[in-house]
Amino acid sequence: MSEPTLWESLSEHLVLARRLRGLEISLDPEACKGTWQCYEVCPVGCWTPDRVHRVVVLHDIDQCIACGACVLQCPEEAIELS
Amino acid sequence: MATVFMKWLETEPADYDRGIQVLTLGRLRRVHQAIAERYAQSESRILEIGCGTGSLAAMMARKGAHVIGVDASQAMLDQAKRRIEGEQLGDRVEFVQIDASLIGERFDPGSFDLIVSTLVFSELPPDEQEFVLQACAGLLAPGGTILLADEFVPAGWFQRLWYTLIRLPLVFVTWILTRTTTAALSHPDDLFGRTGFRPERLLTFLGGSLALYRLFPTDAAAGEGVLPATAVGRLSHKSNLRTWLADLWALFFRIIPPYPKVRPGLYAIGSPDRASPVLVTGNFDLTVRRLVQAIDGAVDAWILVADSAGINVWCAAGGGYFTAEKVIAAVKSSHLDQVVDHHALVLPQLCANGVDGWRIRREIGWGVHWGPAKAVDIPVYLANHRKKTDAMRWVRFPAKDRMEMVTVTLGFYALLILVPVAIFWRGLFWPIAISLLGLSYFYGLVMPWLPGRDGLAKSVPLTVIALTGLLVYTRLFDPMAAPHMFNWAVGLTGLSVFSAAELQGMSPRMRGEQANWGWEAMIAAGLGLIYWLGPLALGWR
């Protein structure tokens, strides 16, 4: 992808913004295998690793800024933003 | 720094010593004394490159050292010989008229315990500086060192600016007199490192522009100095006029394309080897410079700059410009597997929203480790064997960063708003400019404590504060007529909404970047209507 023009970057902000505003994060606890990549990459601390049961706990959903990092890095595709 | 006049003095050997002492404000004599008293041991074998009129050679000979002085100028050496004969040191001092570049051929390897050189290297072109230093390395006996005093470009940008301003006219005058000049050494550590020396700075004078270094030969440096063929170059933290201007531009206009870019590829920082970590980053100039500033001197590492379209890693990853493919391409094109023995990449944590770590692991077999969110934590992160604390993971938005981001936002939007105002409504320029700046910075300061989850919601309390301020101000200091106050209220409401809503796009802890355009447009239209209809309805117009 080449460098965006001013107009492209601005209109892209608008599209992204509309999509992101309504997003809510959710975890499928059954699918979680405890690789904790979500905990590793979350910049706002939504996740806590449960080291006993080798799963992750979504403990602070209000902190979520819908950046999408955990969704992309989860190898089990157990996290959804919708 | 007035040593630029040296070139002129060199044409007058008889006046040289007196002149050079005046030009260096007497500091050169102190450098000579320090060298002679501390390092010229009895019976040691010393080579002085560029001995000039022999004043340092004589001082060292008096301490019992055997000195060979070389200089390119026979006139200088004649003067030096007269001095040595006058002091009856002839059995300890010998002079040879050769150019500095020939010392490696003229003398036997390992024949000196100490090599000294004052105010010579700044007269040599860069390639010759390197060549002479390498020749010196061969001439030193085991345990031998070099003492090098010269004119250096100071390291801090402020000192550098002053230095340049003062030096420029001197260079001009010297050039007029002699058609030549001297070039102070900049980035001496690079030069010393490249030629296989570890520098220790012993003395500095005149704001860092005159300094004495002791150089220790290192065995490793000769090999380490060579970069792999696929590397683009070395990165080191610099602060000079160019970086200062780049920072200033970035402070106000960093969101305006085209973004200043760094050439993608593999770079070395410090002296990395085959076990050194590989840190991946994007190719936004400010990103790379801040990364280098954070780790230069603290770690030896490879920096793999991937093409992120000149955008910072978080935004580039979010926007689809910084992806796993870009990282894979950078790993492949720099032949990284031939440069290091391990297969581990450290990626910035904040690109995890767009760079698919599993794809890199799967497709090229390199391990992906998510580094800290901020570059300043990298040295500790690496020292702790790539273990992150929660504090390294979490993004904060402290007051300093908020102020910076307000400035970035204003740099662009102030242009958008204030330039038309200055052209079409000149009378309103200062009230609007001061209100916009005041509200924006005030909002930046108090933002975390204002109720509301996003910028648009926080604009409500901000508007309340602004209107309360207006009310208090008019009551206490400047009672104004109702229509006038009405205009102010409408204006402040608009600017409050604008300031708070626009900063959202710069805030790392709010979702939905710049989600507010539509709302802002609607609020602006509503305020316009009120501004137009209000006075009509109230019968003021």
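No value in this document is a laboratory result; all are computed from the given coordinates. Note that the coordinates shown come from a computational prediction; the quantities given were computed from them, not determined experimentally. Here Cβ is always computed from backbone atoms with ideal geometry, including for glycine, and neighbour counts include all displayed protein chains.
The table that follows gives values for the structure above.
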| item | result |
| --- | --- |
| Leading residue at positive end of dipole, the protein assembly as shown (Cβ point charges), from B:480, B:345, B:497 | B:480 |
| DSSP-assigned coil residues among trypsin sites (Lys or Arg not before Pro) in segment B:380-465, each with at most 15 further Cβ atoms within 10 Å | B:386, B:387, B:396, B:453 |
| Measure of compaction for the protein assembly as shown (Cα Rg per 2.2 N^0.38 Å) | 1.27 |
| Label-point separation in nm, residue B:417 to residue B:141, each point 7 Å along Cα→Cβ | 7.5 |
| Residue order, fewest to most beta carbons within 10 Å, for B:117, B:333 | B:333, B:117 |
| Positive-pole candidate from B:210, B:107, B:252, dipole of the protein assembly as shown, charges at beta carbon | B:252 |
| Residues whose placed amide H lies under 5 Å from that of residue B:311, excluding near-sequence neighbours | B:283, B:284 |
| Qualifying GluC sites (Glu not before Pro) for segment A:26-82 [loop in DSSP, other Cβ within 10 Å: at most 16] | A:30, A:76, A:77 |
| Per principal axis, descending, Cα span of segment B:73-139 in whole Å | 37, 26, 18 |
| Cα shape, segment B:191-311, gyration tensor, a/c 1.5 rule | oblate |
| Length added when fully stretched, residue B:453-residue B:29, from 0.36 nm per residue minus Cα-Cα | 145.9 nm |
| Relative pair counts by distance (%), Cα atoms of chain B, 20 Å bins | 18, 35, 29, 15, 3, 0 |
| Kirkwood Rh and Cα Rg combined as Rg/Rh, segment B:450-541 | 1.05 |
| Efficiency of FRET from Cβ geometry, residue B:400 and residue B:473, R₀ 45 Å, rounded to 0.05 | 0.95 |
| Reference-scaled alpha-carbon Rg (2.2 N^0.38 Å with N residues) for segment B:51-106 | 1.05 |
| Cα-based shape type of segment A:32-82, given that a ≥ b ≥ c are square roots of the gyration tensor eigenvalues and the cut on a/c is 1.5 | oblate |
| Cα gyration tensor shape of segment B:18-144, rounded if a/c is under 1.5, else prolate or oblate by comparing a/b with b/c | rounded |
| Percent of beta bridges antiparallel (DSSP, segment B:268-412, rounded to nearest 5) | 15 |
| FRET efficiency for residue B:161 and residue A:48, using Cβ-Cβ distance with R0 set to 41 Å, rounded to 0.05 | 0.20 |
| Viscosity 1.567 mPa s, 4 °C: Kirkwood-radius Stokes-Einstein D of segment B:269-421 over Cα pairs, µm²/s | 78 |
| Residue order, fewest to most beta carbons within 10 Å, for B:48, B:105, B:520 | B:105, B:520, B:48 |
